1. Residue 88 versus (1) under 26 Å from the mean Cα position of the chain (by Cα); (2) part of a loop (DSSP other than H, G, I, E, B): which is the lone unmet condition?
2. Output the helices (runs of 4 or more DSSP H) that fall wholly within the stretch 163-233 and possess 2 or more residues being modelled with pLDDT under 70, or say none.
3. Among the residues of the stretch 237-292 satisfying the criterion of being touching a helix residue (DSSP H, G or I) at 6+ places or on another chain (Cβ under 7 Å) and modelled with pLDDT under 95, which is farthest from residue 141 (Cα to Cα)?
4. Residue 560 - would you say it is under 29 Å from residue 362 (Cα atoms), modelled with pLDDT of 80 or more and not assigned by TED's automatic domain parsing to the domain that holds residue 159?
5. Among the residues of the stretch 103-129, what is the count of those that are at pLDDT below 85 and surrounded by fewer than 15 Cβ atoms within 10 Å (Cβ to Cβ)?
6. Can you tell me how many residues in the stretch 58-74 are in a loop (DSSP other than H, G, I, E, B) and under 21 Å from residue 24 (Cβ atoms)?
7. Quick check, is residue 159 buried (at least 19 other Cβ atoms within 10 Å of the Cβ) and free of Cβ contacts under 8 Å to residues at least 40 places away in the same chain?
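The values are calculated or read from the model by the stated rules, or taken from the named source; none is laboratory data. It should be emphasised that the depicted structure is a prediction, and the values quoted were computed from it without experimental measurement. Glycine gets a Cβ as well: all are built from the backbone with ideal geometry, and neighbour counts include every protein chain shown.
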């Protein structure tokens, strides 16, 4: 009889737990709908949509009963936002003054300066061993470069069509400044797109976008056949006589703005384990109205980029976890955080790990939700990265896998462009949950109607089980370095990599900060360390990410195995010293 009663109790408790867990994770679609609404206009940091987003999350944390580390859930930070034109922009041609934002515009990585000089045709701005447009002395002169590189030339030369990289190449060839002008393919919308492109810092010279019609008028050509686009077109502008110096002043002002991570926590129930924390996070920002430099895959469309899957889904995942664990408290403490400015270079999560509300060494693990709302129906797979950062992750995750709902695709690497990477670079075990990429990623078509609520509910239930396991297990996780490395993308491609994780946010003005290293990569083999600041590569000064990427492009001209010099600033015994190393070209 006692055994029968005990069995009933066990069944009752089990059924109660199953019912209560099934009762959670039901209302998140309304939150996704609001976060990806017209009213929030793409949740771009520093905008009114950002403010409304942060208030919504803060209110949700309060409703869930989370505590705050400070007087509010806001972890405020000041970031550099879009650049604006100052009052000292000027373009004078033979006593004629061009009109800013109509005839010309400095690009937002242009240096603030004034230069008078002649113009030299530099074709496409390509510098390859068998194809170079730089055969003239550019010292003190403006390099005029064709904006558009045809696909066949890109393929033939393996060139990079990125404007910044081509401007840096011209700078390294001695140009005092660069003017980009297009042939017929550069219409008014393209010109407007160029001048709206965002940048973190200047490249050391002025860079100007010049309207095609203004250019044709400037050189006295009545028809618009300035560029020879015949079958033998090699980036040559038809001969024209223009020896009058151009006098151009560039004046760009960076506008700072305030945004915030939203942070709350639940104290654990165990007297000892409550001093350890699991961070449950996901970014709440998106691309706003899109546009050039925003990360939009359709940058010419000035439309709301709703970001339902990326990452209203992950934001609601964090909120749903907060609601669940406030009623099911585990032994370890839990920190719930939605990060700002992830799309701008993981700025929110970097700020968090550099200004943590608790000691970093007390963070047991970090779980990142990013794009968890659109599981592919034909594959039914949940992708989890970072499993190599904790020796126990694979077994824990597999233990909670239910193949009737979805399969797990586990990846050991912890690199990539999401907020878990900021924690991994601080030697914290991380896992990153994502249902996968889709055609609507970073476009205006990522809308709430396309969220698969059933599969997302299953993902959240799985995640709650994994987090419960992590938060209650008595043993420590064994941190291990996993693969981590830089990414490079361009229409032309072809850049080599040294295996570093560069600081794309420009947090130092001394050079390029190395935030991480790919295990076994050329940089690690050369002796470069995490925290080093690269100031010179192959004899060229490195002031920022643009200089570094420009030099990477040039490495493709070198033979594999070539040793090149690199100089880094390294902190040694509280003093900064220059360390000279040799890195082998891969």
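1. With (1) under 26 Å from the mean Cα position of the chain (by Cα); (2) part of a loop (DSSP other than H, G, I, E, B) applied to residue 88, the lone miss is (1).
2. 188-196
3. Among them, the one singled out is 291.
4. Here the answer is no, as residue 560 does not meet what is asked.
5. Of the residues in that region, 1 qualify.
6. The total comes to 3.
7. Answer is no for this residue.
Okay, residues lined up against (1) under 22 Å from the mean Cα position of the chain (by Cα); (2) closer than 25 Å to residue 27 by Cα; (3) at pLDDT below 95:
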| site | (1), (2), (3) |
| --- | --- |
| 347 | yes, no, yes |
| 367 | yes, yes, no |
| 371 | yes, yes, no |
| 375 | no, yes, no |
